[in-house]
Amino acid sequence: MNKLNFDKLNNAIESMPIFGAVSRVATKSGIEVYVVGGYVRDRLLDIGNEQDEADFTVIGDGPAFAAEVAAEIRVKNVSYFKNFGTAKFDFQNTPYEFVGARRESYSVESRKPSVEKGVFIDDIRRRDFTINTLAVSLNEPGRGNLADLFNGIADLEKGVIRTPLKPDETFSDDPLRILRAIRFAAKLNFKIEDETWEGIKKNVARLEIISQERITDEFLKILSLPKPSVGLKLLHESGAFTFFFPEISLLAGIEQRKEYHHKDVFLHTLEVVDNISAVTENVWLRFAALVHDIAKPNTKKFVEGTGWTFHGHEELGARMMKRIFRKMKLPLHELPYVEKLVRLHLRPIALVDEEVTDSAIRRLVVNAGENLDDLISLCRADITSKNPSKVRRYLSNYEKVMLRVKEVEEKDKLREFQSPVRGEEIMKVCGIPPGRMVGVIKTQIEEAILDGIIPNEYDAAYEYFLKIKNRIMNN
Ligand code: ATP
Ligand code: MG
């Protein structure tokens, strides 16, 4: 049972200036207005904060009402979407949206409903889930009264995602709600009620009427949650992945045999994504974790005595990325980063052997470039063994590789290292021709820097040079 925080909600409604202004305009004009949906839900669950964006349902003309509120609080920029009966403005850095109450009816081809003016209940019943139907009145008397027409409070307490109307119709009308249900379940750690879940599974094919941009947007929101595996699993189990990311659903059932454990590639991948998500919010690093083994189904081969092998899956996986990015309308400027991480995800571990040459290490550093740290994070996240001593050994292997990287970088730095005071200047100041003496002075300056006597900077080196030059030349 979730304990709901009614105080948080009441305090926000009483103290936030926007609600005061909306309430004044509503009471004066006699137009009914409610704050509705996510804002009410999140205060009761005590997540986010009272400065979050909010949506208002106006029983009447939404844009006209928004204009009056804007005037009341001296907001100049209001965006009107008259065709949709909505208006938006920012106040104190928060966006607020006003919608005229509406009744919606859907046709089969499109998720865009035809919309008519409606009364309060029409507006509430068109909403996706009971937990999103809660509305708080802003009219006096009665400001702060909570309308709960579909048992949203009970479902919030129980932690349940449920549609207010018949699930089958709800998801068929607007299949984007499938992804929203999964996102809310994953984000809030709620259970999708059985009949609602059946409605989801029955209607996944309807996702075809949703634009790729909207699907991808929801998908990336799910991938950005603290523990993405919860949502990714639901995307798989509902069948949604087969519609918009079939490569991921193909990972399920691919068995891999590594020494003593067998694990499905999909389940392994979920663990890797959760592991990386514990250390980064970078959604593209998370995405790379999700797809790092994506070519395993295509490269799987059984080798007698060894078990299943997946030779070349990292290279093939990297090559699959472009098509996936295009199809999913992912931002193409992130493509090289993801390709690189997928392509290189086996390289660090191949370099753990002490026999490995400096140049092999150098090649990794050059190939990974500025993403070397992310690559190592991915490699560490890729360790999903349940055997603690193995985990320790694997982790220390990556530490060894990184130590080698540091060593090689140090060596290279030393090799490139030169006195900040150059030969030409030494010749000019000392009035000497090219020759051994120039080298001796230069080496002395370099040693002083390496010994930490002076910092590796021009001014310090020049001063030091002036100090030692006569002694050296007179020797
Ligand atoms: P969040 O902003 O955290 O994603 P939210 O519930 O505020 O959650 P919004 O997308 O901002 O979601 O939508 C505001 C409200 O509009 C929701 O609470 C819900 O009542 C309603 N809503 C949004 N999208 C849909 C939809 N596809 N079908 C039905 N109702 C919806
Ligand atoms: Mg919202």
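Observations, loosely collected:
- Selection within the stretch 157-176: residues that are away from ligand 1 (no atom under 12 Å from the Cβ) and closer than 24 Å to Lys3 by Cβ. The member of this set that is least open to solvent (accessible area, probe 1.4 Å) is Gly159.
- Residue satisfying condition, being open to solvent by 70 Å² or more (accessible area, probe 1.4 Å) and within 16 Å of ligand 1 (Cβ to nearest atom), within set Phe84, Phe150, Phe120: Phe84
- Flag if Ala350 is small (Gly, Ala, Ser), without any contact (Cβ under 8 Å) to a residue 40 or more places away in the chain, surrounded by 13 or more Cβ atoms within 10 Å (Cβ to Cβ) and out of contact with any Gly (no Cβ under 9 Å at 6 or more places or on another chain): no
- Verdict on Asp128 being open to solvent by less than 10 Å² (accessible area, probe 1.4 Å), at negative phi and touching a residue at least 24 places away in the same chain (Cβ under 8 Å): no
- Being within 14 Å of Phe19 (Cβ to Cβ), in contact with a Ser or Thr (Cβ under 7 Å, 6 or more places away or on another chain) and either open to solvent by 60 Å² or more (accessible area, probe 1.4 Å) or more than 16 Å from ligand 2 (Cβ to nearest atom) (or both) is a property that does not hold for Glu72.
- The condition of being outside any strand (DSSP E or B) and either of a type outside the set (S, T, N, Q) or surrounded by fewer than 16 Cβ atoms within 10 Å (Cβ to Cβ) (or both) does not hold for Arg103.
- Verdict on Lys28 being more than 16 Å from ligand 2 (Cβ to nearest atom) and either in the same structural domain as Phe120 (by TED's automatic domain parsing) or open to solvent by 50 Å² or more (accessible area, probe 1.4 Å) (or both): yes
- Residue in the stretch 403-411 that is open to solvent by less than 100 Å² (accessible area, probe 1.4 Å), within 30 Å of Leu290 (Cα to Cα) and assigned to a helix (DSSP H, G or I) present: yes
- Residues of the stretch 320-330 that are surrounded by 13 or more Cβ atoms within 10 Å (Cβ to Cβ), charged (D, E, K, R) and out of contact with any helix residue (DSSP H, G or I) (no Cβ under 6 Å at 6 or more places or on another chain): Lys322, Lys327.
- Checking each residue in the stretch 266-294 for being surrounded by fewer than 22 Cβ atoms within 10 Å (Cβ to Cβ) and not in a helix (DSSP H, G or I) picks out Ala278, Val279, Thr280, Glu281, Asn282.
- Lys263 outside the structural domain of Lys233 (by TED's automatic domain parsing) and on the phi > 0 side of the Ramachandran plot: no
- Pairs with Cβ under 8 Å, 6+ apart, first in the stretch 54-77 and assigned by TED's automatic domain parsing to the domain that holds Arg127 and touching a residue at least 40 places away in the same chain (Cβ under 8 Å), second of a type in the set (Asp, Glu) and away from ligand 2 (no atom under 16 Å from the Cβ): Val58/Glu32; Ile59/Glu32; Gly60/Glu32
- For the stretch 1-20, a tally of residues being in a helix (DSSP H, G or I) and away from ligand 2 (no atom under 15 Å from the Cβ) returns 12.
Okay, residues lined up against (1) open to solvent by 10 Å² or more (accessible area, probe 1.4 Å); (2) in a loop (DSSP other than H, G, I, E, B); (3) away from ligand 2 (no atom under 16 Å from the Cβ); (4) closer than 29 Å to Leu225 by Cβ:
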site: Val22; (1), (2), (3), (4): no, no, yes, no
site: Arg41; (1), (2), (3), (4): yes, no, no, yes
site: Ile47; (1), (2), (3), (4): yes, yes, no, yes
site: Phe65; (1), (2), (3), (4): no, no, yes, no
site: Lys76; (1), (2), (3), (4): yes, yes, yes, no
site: Tyr80; (1), (2), (3), (4): yes, no, yes, no
site: Phe89; (1), (2), (3), (4): no, no, no, no
site: Lys112; (1), (2), (3), (4): yes, yes, yes, yes
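- Members of the stretch 189-202 found to be in contact (Cβ under 8 Å) with a residue 40 or more places away in the chain, open to solvent by 30 Å² or more (accessible area, probe 1.4 Å) and of a type outside the set (S, T, N, Q), listed by number: Trp197
- Criterion (out of contact with any Phe, Trp or Tyr (no Cβ under 6 Å at 6 or more places or on another chain), away from ligand 1 (no atom under 16 Å from the Cβ) and modelled with pLDDT under 95) met by exactly one of Asn11, Asn2: Asn2
- Answer residue from the stretch 51-60, given it is farther than 19 Å from Phe129 by Cα and surrounded by 18 or more Cβ atoms within 10 Å (Cβ to Cβ) and is farthest from ligand 1 (Cβ to nearest atom) among those: Ile59
- The listed residue being open to solvent by 100 Å² or more (accessible area, probe 1.4 Å) and more than 48 Å from the chain's Cα centre (by Cα), out of Glu425, Glu463: Glu463
- At least 1 residues being over 24 Å from Glu410 (Cα atoms) is the threshold, and among the helices (runs of 4 or more DSSP H) wholly inside the stretch 302-393 those reaching it are 313-328, 335-344, 372-381.
The values are calculated or read from the model by the stated rules, or taken from the named source; none is laboratory data. Remember, predicted model here, so these are calculated numbers, not experimental data. Cβ: placed from backbone, ideal geometry, glycine included. Neighbour counts: every protein chain shown. In case anyone asks, the SASA skips ligands and DNA or RNA and just uses the protein heavy atoms, side chains included. Shrake-Rupley method; radii C 1.70, N 1.55, O 1.52, S 1.80 Å.
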